[in-house]
Amino acid sequence: MNAVLNDTITLIEKEEILEFTFPQGDVLVTEEQKIEREALIKRGMRLGNSFKRKVKIIFEDIEGLKKVETTIWGFTDKNVILKKTTIIPIRCIHEVKFY
């Protein structure tokens, strides 16, 4: 997946996500990137559910790039589900990083 430059990304708390407006189009261009993103989301969910591990999700709202450090609790075909039913549309996710 394309590396996004970290120095231009705003770190936010997951509770702030409820206030964001998301773009309608997908932030990734190729089908290969989208398949890789889905695999990373699945891996992040397994790490969160099995080992309580957090991930860094880099996503885009209408104002620009954001980063959140959180646990992925689940996902649907359209959304990633975080704690307390907070969601991020999958189409807005650039990267999922593990640490």
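Along the Cα→Cβ direction, 7 angstrom out, place labels at residue 8 and residue 49. What is the inter-label distance in nm?
3.5
Express the relative contact order of the chain as a whole percentage, based on alpha carbon pairs under 8 Å and six or more residues apart in sequence.
Working: 173 pairs, mean separation 34.8, N = 99.
Over the chain, the number comes to 35 percent.
With percent of Cα pairs over 18 Å apart in mind, check (i) 40; (ii) 43; (iii) 50 and report the label derived from this structure.
(i)
Ignoring everything except DSSP H segments at least 4 long, calculate the 222 nm mean residue ellipticity for the chain; use -39,500 (n - 2.57) per segment, divide by total residues, nearest 500.
-7500 deg cm²/dmol, from helical runs alone.
If you take every DSSP beta bridge whose two residues both sit in region 1-83, what share of them, in percent to the nearest 5, is antiparallel?
In region 1-83, DSSP labels about 75 percent of beta bridges as antiparallel.
Taking the alpha-carbon centroid of each part, what is the distance from region 77-99 to region 29-69 in angstrom?
For region 77-99 versus region 29-69, the Cα centre distance is 6 Å.
For region 25-80, with equal point scatterers placed on the C-alpha atoms only and solvent neglected, what are the log10 I(q)/I(0) values from the Debye formula at q = 0.12, 0.19, 0.31 1/Å, to two decimals?
-0.29, -0.73, -1.30
Just in region 30-85: which GluC sites (Glu not before Pro) are loop by DSSP and have at most 15 other Cβ atoms within 10 Å?
Working: sites: 31, 32, 36, 38, 60, 63, 69; in loops: 63.
Counting only loop positions with at most 15 other Cβ atoms within 10 Å, the GluC sites (Glu not before Pro) in region 30-85 are 63.
Bear in mind that the values in this text are calculations on the coordinates, not laboratory data. Computed from a predicted structure; not experimentally measured. Reconstructed Cβ throughout: ideal geometry from the backbone, glycine too, with neighbour counts over all protein chains shown.
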